[in-house]
Amino acid sequence: MNTLLYLAGLALVALVVALTVVTPLFLVHARERDHGPDCRWCHPRLRRR
């Protein structure tokens, strides 16, 4: 049981670290002036014109 709790805690810490790194990058990306439907990261299913 201790190993399972350790792995669950490790996964939770890894998730928090990943979200901490990605959130500022996403916020900067969303504030760009040329951000629109051509953004393949935000709108991957829309075709380019």
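With q set to 0.24, 0.30 Å⁻¹, the log10 of I(q)/I(0) for the chain, from the Debye formula over equal scatterers at the Cα positions, is -0.87, -1.03.
Mean residue ellipticity at 222 nm, helices only, the chain: -21500 deg cm²/dmol; runs of at least 4 DSSP H residues each add -39,500 (n - 2.57), and the sum is divided by the number of residues. Sequence-ordered 3J(HN,Hα) estimates for region 20-31 from the Karplus curve with 6.51, -1.76 and 1.60 and θ = phi - 60° stand at 5, 6, 6, 4, x, 5, 5, 5, 5, 5, 6, 8 Hz, glycine and proline given as x.
Take His35, project a point 7 Å from its Cα along the Cβ direction, then tell me which residues of region 1-28 have their backbone nitrogen under 13 Å from it. What the label zone holds, given the 13 Å backbone N cut-off, is 23-28.
Values quoted throughout were computed directly from the atomic coordinates according to the rules given, and no laboratory measurement underlies them. Predicted model only: the values in this text are computed from it and were never measured. Counting neighbours? That spans all protein chains shown, and the Cβs are built from the backbone with ideal geometry, glycine included.
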